[in-house]
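Since the structure comes first, as structure tokens, the remarks are kept for the end.
The values are calculated or read from the model by the stated rules, or taken from the named source; none is laboratory data. As the structure is a prediction and not an experimental result, all values here were calculated from the model. Every residue, glycine as well, gets a Cβ built from its backbone with ideal geometry; the counts of neighbours run over all protein chains shown. Heads up: the accessible areas ignore ligands, DNA and RNA and are worked out on the full protein's heavy atoms, side chains in. Shrake-Rupley method; radii C 1.70, N 1.55, O 1.52, S 1.80 Å.
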Amino acid sequence: MHLFLIGVSHRTAPVDVRERLDFSSRDVGAAVEALATRSSAAETVVLSTCNRSEIYVASPSPAQAQGEIIEFLTQYHQLPAEAFTPHMFSFGGTEAARHLFRVAAGLDSLVVGEPQILGQVKTAFQAASERRCTGPVLSKLFHWSFAVGKRVRTETALGEGAVSISFAAVSLARKIFGRLTGRRVLVVGAGEISTLTAQHLRAQGVGDITIVSRTAAHAETLANDVDGRAIPWDQLSVALAAADIVLTATGSQRPIITRAMVEAATGRRRREPLFIIDVAVPRDVEPAVGDIEQVFLYNVDDLQTIVQENLSRRTAEIAQAEQIIAEEVLKFSAWQRSRGAIPTVVALRERFDAIRRSEIQRLEGKLAGLPPETRALFDQVTRLIVEKLLLEPTEQLKALPDEETQVAYTEAVNRLFRLRDGEAAPEPADAAAEVTPAERRTKSR
């Protein structure tokens, strides 16, 4: 069973190609199920986010499966193959595992250390697993990637610090107020940065969010998005007096919030801080506002400085994160190699156990007079002897350092014990774990 992946991402494809190959806007589970019924791939997972569409596969015939997947993408997205194949990348075996581990750890994200991606990887696997499209190889791979992502976040600072203007603003607000629960927010302007920051603030549990914009319809739209309320532009001064946090991002060519307005507003306030985030260029707030006691004013340059410092800090953590991934890839590769020895190990155990049973049968006349409990103990002891004898050879076969050496050793064992002669060995006790998703789907019908 060979592991490989094909896909496109922000590193290889322009946004218009990524949009046309996107699965996330549809039912990813239905897509992976449709692919599984049309591909020779035994196991399949579809990972789709705003910056990537990747298909992970375990198949005995990877070249055939890859051709079928490209055909599926062409038909499913109604897109000619030549429109996306020049932008596709593919990895097999160890490199496929390394790629997924880097994705889960946030190292392959548009913003390094992005925390959401690990959850998206888990969701992709769950969608495939629920539809019986995964099996022993992809189950092991994806669960391993979850552990890698967790380890990177635990042992490095890769995901720490705000690396977007909107989240940096929220982080600053938390430093000033501590918890933001119940804090009153005023958003001036209803553009993209206002929307993102308001959404981050709502996620922090703030209280009232008031939206004011010269375009009333835009204010209403944003208010609906963040469960806030829109007010007319001429009520800006009143709203300013009631706010704890003010975000302003308009296209005005001159300041819309003056020192006089803020002094009037704070004069009517309790003795609490007022946090003002001005991300507009030109600035919406007069710089002199920052001189007022208990008023904390930050502009876009302040936030950019914070973002760059955090990005630099994350960059410094990349080497350690890559080292963790390298270690985990080696462990996963060892697990993959150990699977190659499983048929020989099973056959060897069956051969030894067949000899054990044959000898017990030969001694049946001498054992017939033994009490049942003694017969059971005799059977148990002989089984344990076989297990002890085979323990070390089994572990050594599974731990061989490379595939070529393992093939040579397993071939030698097969020849020495004539494991390919006679009847085929029965399935191991855990054979159910080795049944492919395609076989499970067939049986379930």
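Figures for the structure shown
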quantity	calculated
Ser145 vs. criteria touching a Leu at 6+ places or on another chain (Cβ under 8 Å) and in a helix (DSSP H, G or I)	yes
Filtered residues of region 136-175 (kept if within 18 Å of Val28 (Cβ to Cβ) and among the small types (Gly, Ala, Ser))	Ser139, Ser145
Some residue of region 156-176 being open to solvent by 70 Å² or more (accessible area, probe 1.4 Å), without any contact (Cβ under 8 Å) to a residue 60 or more places away in the chain, of a type in the set (D, E, K, R) and farther than 30 Å from Pro62 by Cα	yes
Residues located in region 238-253, provided they are assigned to a helix (DSSP H, G or I) and open to solvent by 60 Å² or more (accessible area, probe 1.4 Å)	Val238
Test set (1) under 22 Å from Arg184 (Cβ atoms); (2) surrounded by fewer than 14 Cβ atoms within 10 Å (Cβ to Cβ); (3) among the hydrophobic types (A, V, I, L, M, F, W, C) - Val212 fails condition number	(2)
Qualifying residue in region 384-392 (condition: surrounded by fewer than 18 Cβ atoms within 10 Å (Cβ to Cβ), of a type outside the set (A, V, I, L, M) and either modelled with pLDDT of 80 or more or outside any helix (DSSP H, G or I) (or both))	yes
Selection from region 22-47 of residues that are open to solvent by less than 30 Å² (accessible area, probe 1.4 Å) and touching a Lys or Arg at 6+ places or on another chain (Cβ under 9 Å)	Gly29, Val32, Ala36
Test: residue in region 314-326 that is of a type outside the set (Ser, Thr, Tyr) and modelled with pLDDT under 85	yes
Test: residue in region 103-110 that is surrounded by fewer than 16 Cβ atoms within 10 Å (Cβ to Cβ), in contact with a Leu (Cβ under 8 Å, 6 or more places away or on another chain) and part of a helix (DSSP H, G or I)	no
Residue list for region 250-274, filter: at pLDDT 85 or above, over 17 Å from Trp233 (Cβ atoms) and of a type in the set (Val, Ile, Thr)	Val262
Candidate set: region 7-21, residues that are in contact with a helix residue (DSSP H, G or I) (Cβ under 6 Å, 6 or more places away or on another chain) and part of a loop (DSSP other than H, G, I, E, B); chosen: the one most open to solvent (accessible area, probe 1.4 Å)	Thr12
Any strands (runs of 3 or more DSSP E) falling wholly within region 155-235 and containing at least 2 residues that are more than 13 Å from Thr248 (Cα to Cα)	229-231
Single residue of region 58-80 satisfying the filter (β-branched (Val, Ile, Thr) and touching a residue at least 60 places away in the same chain (Cβ under 8 Å)) that is least open to solvent (accessible area, probe 1.4 Å)	Ile69
Contacts under 9 angstrom Cβ, first residue in region 319-338 being within 15 Å of Lys140 (Cβ to Cβ) and touching a residue at least 40 places away in the same chain (Cβ under 8 Å), partner among the acidic types (Asp, Glu) and open to solvent by 30 Å² or more (accessible area, probe 1.4 Å), 6 or more apart	Val329/Glu95; Gln336/Glu403; Arg337/Asp402; Arg337/Glu403
Residue in region 293-309 that is of a type in the set (Asp, Glu) and either assigned to a loop (DSSP other than H, G, I, E, B) or at pLDDT below 85 (or both) present	yes
Candidate set from region 270-292 (those that are part of a helix (DSSP H, G or I) and open to solvent by 30 Å² or more (accessible area, probe 1.4 Å)); member that is nearest to Gln253 (Cα to Cα)	Pro287
Close pairs (9 angstrom Cβ cut-off, 6 or more residues apart or separate chains): polar (S, T, N, Q) in region 5-34, at pLDDT 90 or above and part of a loop (DSSP other than H, G, I, E, B) anywhere	Ser9/Asp108; Thr12/Met88
Phe91 being closer than 26 Å to Ala34 by Cβ, touching a residue at least 40 places away in the same chain (Cβ under 8 Å), touching a strand residue (DSSP E or B) at 6+ places or on another chain (Cβ under 7 Å) and of a type in the set (Phe, Trp, Tyr)	yes
Residue match in region 342-362 (condition: at pLDDT below 75 and under 34 Å from the mean Cα position of the chain (by Cα))	yes
